[in-house]
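Take a look at the structure below.
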Amino acid sequence: MLLIISSPRDDSVHTVRPKLEERGVPLLWWDEAEYPGSSTLTTAFLDGWWRQTLTFQGETYDLSKVTAVWDRRPGKVAAPAVREPSQRAFAEHVARIALAGAYNLMAGARWMPAPPPHVAAVDNKLLHLYRATELGFTVADTLVTNDPEALAQLWNRAGGRVITKTLDYRPFFVDGEDRHLFTTVVPRRRLAGRHRLRYGPAMLQPNVPKAYELRVTVVGERVFAASIDSQASRMTEVDWRHLEDPKTRYSAYDLPRNVADGCVRLVAGLGLSFAALDFIVTPDGRYVFLELNVNGQWAFVEMLTGLPISDAIADWLADATATARPRIEEAADVR
C-alpha cells in the first residue's frame, strides 16, 4: 500500500492520484494536520509482535501494509481541542515525537523524496552547493555570513552587482502583513544598513548574467528540464518566483547529457528520490547551479510545458509500492 502524506488541498496529489489508480496502486491519503485531533495512531509491541495502526474518518488502516510513502506537503500536527496554549504546545510536541517514531518503523518502505529525518538533515542550501561543486557544476561565488563587512567586500569585488537570498523559508510580519524574502539585488544604499546583517545570516552572491533560467525536476533517474524566459520582464529578471508575468515563457528544454547526469547524481548522492533544481544559463552558454529544492513544486512546469512529470512520479510510486517491504513486517515476530 502507498501512503500519501499531504494536505487534501494539494493539487499535485490530485494530479497524480488518478494515474496511480489507473496503475492499480492501493493507496491511503492522509494529512498530519489530522493528528492527534482527528486521527488515532497506535504503535505497539505486544506478545512479541510489532503492530501499527492509523484510524481516521471512521476507518482503521494497518500500517504494516505500507510499502511506499509519498511525503508531499502535509499540514502541521494540531490539537485544537486543547485550549490552554502551553498544554496544546505540549500535546502537539509529543504527537510529533510519536509520529516520527511511527515513521522510523516504516523505514523499510521506499520514500519520496526520503524519510523525514533524512530530508531535514540534507535540506540545506550550503550542502547542496558544496555537493554541486564536488560534481563539477559551475557555482557562483557564495558567502553565507552575518559579517556586515563581508557584504561590503563582496559588493566591491562584484562591482556592485550582488544579490541576497534567505537560507530557508520562514514567514514573518512587517506592520502586520505577511512577508517572504525572495532573491533581491543589494543596491549601494543598502550598504548603509548592513549592520543589520549581524542579527540574521544571509546568502550573498554576485548577480550572474542570465540568458534564461532552468527548472530541472528529477524523479528517480528521470530528468525533466524546462526553460524559463525570466529576462523577458523586469518583474522576473531577478527572481522568476516573485511575480507572475504573461511575458515569461516556459518551454520543454533539451538538457545536455552531462548536466542531466550530474543532476541525477546530485539528487541520489543526497539520498533523495526526487528534487527540483534551479540553474542559470548565461549569455555565453554556461550552466550555473543555483539551488536544489528537496520537495519543490513541479505541477506548474507540467501544466505550462506538457512535460510528463506526474506520469514519472506515478511510475516511481507504483514500482516502489510493488517492490519494497516495510521493516516492521520483517522484524515483527521476535519470539
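For segment 33-155, the C-alpha radius of gyration divided by 2.2 N^0.38 Å, with N the number of residues, is 1.51. Go ahead and set up a Gaussian network model of the chain, Cα springs under 10 Å, then flag whichever of Arg194, Arg265, Arg215 fluctuates most. Most flexible of the set in this elastic network: Arg194. Expressed as an acute angle from 0 to 90° and rounded to the nearest 10, what is the orientation of the C-alpha long axis of helix 11-22 relative to the principal long axis of the chain? Tilt of helix 11-22: around 50 degrees.
Taking Cα atoms only, the orientation of helix 257-269 departs from the longest principal axis of the chain by about 50 degrees.
Annotation: per residue accessible area for segment 1-108 equals 53 Å², rounded to a whole number [probe 1.4 Å, protein chains only].
When only Cα pairs below 8 angstrom with a gap of at least 6 residues are kept, the chain shows a relative contact order of 22 percent. If you run the Gaussian network model on the chain, springs between alpha carbon atoms under 10 Å, then out of Ala98, Ala121, Ala79 the most flexible one is Ala121. Normalising the Debye intensity of the chain to I(0), with uniform scatterers on Cα atoms only, and taking log10 at q = 0.12 Å⁻¹ returns -0.97. Applied to segment 62-68, the Karplus parametrisation 6.51 cos²θ - 1.76 cosθ + 1.60 on θ = phi - 60° returns per-residue 3J(HN,Hα) values of 8, 6, 5, 8, 6, 10, 8 Hz, with x for Gly and Pro. Here the Debye sum runs over all C-alpha atoms of segment 44-111 as equal scatterers in vacuum, and log10 of I(q)/I(0) at q = 0.16, 0.26 Å⁻¹ comes out as -0.72, -1.27. Simple rule: put +1 on each Lys or Arg Cβ and -1 on each Asp or Glu Cβ in the chain, find the dipole, and look at Ile163, Gln87, Gln231; the Cα lying farthest toward the positive end is Ile163. Over the chain, with a Gaussian network built from C-alpha contacts below 10 Å, which listed residue (Glu59, Glu291, Glu221) shows the highest mean-square fluctuation? Comparing Glu59, Glu291, Glu221 in the GNM, the peak value goes to Glu59. What a 1.4 Å probe finds exposed on the chain is 51% carbon and sulfur by accessible area, rounded to a whole percent. Computed from Cα positions, the angle between helix 148-157 and the longest principal axis of the chain comes to roughly 50 degrees.
If only the Cβ of Lys and Arg carry +1 and only the Cβ of Asp and Glu carry -1, the dipole of the chain around its Cα centre is close to 1040 debye. Rolling a 1.4 Å probe across all protein chains gives His195 an accessible area of roughly 100 Å².
The values are calculated or read from the model by the stated rules, or taken from the named source; none is laboratory data. As the structure is a prediction and not an experimental result, all values here were calculated from the model. Positions of Cβ are backbone-derived with ideal geometry, glycine not excepted, and every protein chain shown enters the neighbour counts. Only protein heavy atoms, including side chains, enter the accessible area calculation; ligands, DNA and RNA are left aside. Shrake-Rupley method; radii C 1.70, N 1.55, O 1.52, S 1.80 Å.
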